[in-house]
Amino acid sequence: MSSFLPEALQSILPEAIQLLYLAAAALFIIGIKRLGAPSTARAGNQLASLGMLLGVVVTLFDRNIITFEWILAGIVIGSLLGAFAAKKVQMTAMPEMVAVFNGFGGGASALVAWGEFVRVGPGFLSTDALLTSGLSILIGSITFTGSFIAFGKLKGFIRGGRIALPGQNIINLVLTVTALILVGLFTWQPENELLFWSLLFLALLIGLFTVLPIGGADMPVVISLLNSYSGLAASMAGFVLGNNLLIISGALVGAAGLILTNIMCTAMNRSLGSVLFGSFGESSGVAAAYSGDKSFQQTSADDTAIQCAYARKVVIAPGYGLAVAQAQHVLKEVAQLLENRGVEVKYGIHPVAGRMPGHMNVLLAEADVPYDQLYDMDQINPEFPTTDVVLIIGANDVVNPAAKTTPGSPVYGMPILNVDEAKRTIVFKRSMNPGYAGIDNDLFYEENNQMFFGDAKKSLQELATALKELD
């Protein structure tokens with residue numbers, strides 16, 4: 001495409017391409033920074049998207065990569081698929097969608113490295129390029145199979161519990177060490193096709209064996225880690241191509257994914273080592289599900305309406321049940337009715353409320369909940385002692401006091417929303433069944449707690465009707 005440009009412009013084209021790549025990278029960095037707050041997240045996403053579009057368009061002028069017809073076709077097809085997915089995929093399926101993105105990202109990076117290796121030929125790549133090719137193929141292939149196993153577990157195609165061979169951690173460690181040795185041998189003898197295919201097969205197998213042993217409840221942590229892997233694979237592919245934008249953007253994704261993984265591990269009381277070796281996701285058996293021999297208080301829409309209507313401050317703690325019931329719009333209506341009566345309403349968001357960080361924020365933003373009413377865990381916890389009523393909508397493990405009081409519990413040490421410190425808690429739940437951790441929730445039996453049973457959307461609709469009748 002650059003052959004159509006005037007000769008004067010062609011002479012400065014390489015430098016211009018690199019400058020525009022740098023501008024695209026700057027847009028990525030600013031976009032990620034603005035994703036850190038709900039009020040600026042949308043603008044951040046738009047800036048990052050603009051950076052990606054700029055990077056792809058600039059690639060049209062780089063004759064060393066591919067003909068522009070294929071890139072334009074990719075833009076059109078990818079944009080259509082993205083628009084379709086954005087319109088059709090439900091908020092409850094966002095984690096599965098992210099898993100698919102990770103898988104395709106990792107697979108694409110591995111294919112790019114492989115394609116460059118084949119295009120240039122093993123005898124014409126430097127040692128650095130061969131090493132990064134091997135690493136990109138290794139990490140990208142692990143991400144590909146691991147992400148689709150995570151997708152299957154979240155969708156229910158694959159059993160969510162632990163699926164492992166005896167001594168699975170040792171097997172994974174041996175496979176990983178072997179794969180790293182193969183990367184070294186591939187760098188030393190790139191013309192040996194057996195080494196390449198062995199590395200590819202082993203990497204795909206590691207992806208399967210790494211994710212299969214992990215329980216479905218912990219898939220959000222795994223998805224965050226695989227997101228980091230996909231970034232690293234892209235960065236390695238960037239070194240192979242000598243593409244600065246790919247190096248920088250891949251490093252950004254890798255770092256952001258690792259930071260997010262650490263945040264989620266802390267929020268779920270996990271260790272990064274247990275994530276890497278697939279040894280978590282199992283309950284210790286110390287706590288058990290509801291056995292029927294404990295007493296709890298039950299409430300109704302009318303009683304809840306009275307308690308909330310005459311409260312000074314109400315805090316709403318949403319969870320995955322809210323997303324499943326698609327009750328965010330009804331919840332906003334309830335909150336608006338309370339605000340009309342002079343009640344102060346706030347939302348307390350746990351880092352892993354829903355299926356991944358930010359899930360609840362996006363869900364509530366969809367219902368036009370004001371950003372300034374959304375508080376993260378550290379912000380809202382000091383306010384619970386002065387809160388009259390906490391409405392817990394579809395949340396379970398993230399409000400379980402056993403995390404603070406029961407050593408040996410699977411959730412012990414996990415940071416939670418301290419809702420038990422409020423004057424009254426009301427839990428909206430279908431039944432007394434346990435949450436993802438598979439354990440009973442001590443909050444249900446506290447004297448200041450009441451259970452509101454039923455589908456979250458229907459229950460909130462009943463509550464909204466009861467509030468209107470109080471006028």
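The values are calculated or read from the model by the stated rules, or taken from the named source; none is laboratory data. All figures in this text were calculated on a predicted structure; none of them were measured in a lab. Cβ: placed from backbone, ideal geometry, glycine included. Neighbour counts: every protein chain shown.
Considering only residues that are surrounded by fewer than 17 Cβ atoms within 10 Å (Cβ to Cβ) and of a type in the set (S, T, N, Q), look in region 263-282 and name the one that is modelled with the lowest pLDDT.
So in region 263-282, the residues surrounded by fewer than 17 Cβ atoms within 10 Å (Cβ to Cβ) come out as 263, 266, 271-274, 276, 282.
Imposing the further condition that a residue be of a type in the set (S, T, N, Q) reduces the set to 266, 271, 274.
Values: 266: 77, 271: 72, 274: 64.
For region 263-282, the residue satisfying everything is 274.
The set of residues in region 147-173 being of a type in the set (A, V, I, L, M, F, W, C) and either surrounded by 15 or more Cβ atoms within 10 Å (Cβ to Cβ) or under 26 Å from residue 105 (Cα atoms) (or both) consists of 148, 149, 150, 151, 154, 157, 158, 163, 164, 171, 173.
Within region 428-439, not a single residue is at pLDDT 90 or above, crowded, with 23+ Cβ neighbours inside 10 Å and of a type in the set (Val, Ile, Thr). The set of residues from region 440-468 being among the acidic types (Asp, Glu), over 25 Å from residue 363 (Cα atoms) and at pLDDT 90 or above comprises 446, 447. The selection criterion, being under 20 Å from the mean Cα position of the chain (by Cα) and either on the phi > 0 side of the Ramachandran plot or not in a loop (DSSP other than H, G, I, E, B) (or both), does not hold for residue 176. In the set (1) out of contact with any Cys (no Cβ under 8 Å at 6 or more places or on another chain); (2) buried (at least 23 other Cβ atoms within 10 Å of the Cβ), residue 391 fails one condition alone, (1).
Remark: pairs (first residue in region 82-95, free of Cβ contacts under 8 Å to residues at least 40 places away in the same chain; second residue of a type outside the set (Asp, Glu) and surrounded by 13 or more Cβ atoms within 10 Å (Cβ to Cβ); Cβ separation under 7 Å; 6+ apart in sequence or on different chains) = 85/97; 89/97. So for region 450-466 (the condition being in a helix (DSSP H, G or I), in contact with a Cys (Cβ under 9 Å, 6 or more places away or on another chain) and within 22 Å of residue 303 (Cβ to Cβ)), does at least one residue qualify? Yes, some residue in region 450-466 is in a helix (DSSP H, G or I), in contact with a Cys (Cβ under 9 Å, 6 or more places away or on another chain) and within 22 Å of residue 303 (Cβ to Cβ).
Cβ separations smaller than 6 Å between residues 6+ apart or across chains give the following pairs from region 48-70 residues that are more than 17 Å from residue 22 (Cβ to Cβ) to residues that are at pLDDT below 90 and among the small types (Gly, Ala, Ser): 63/2.
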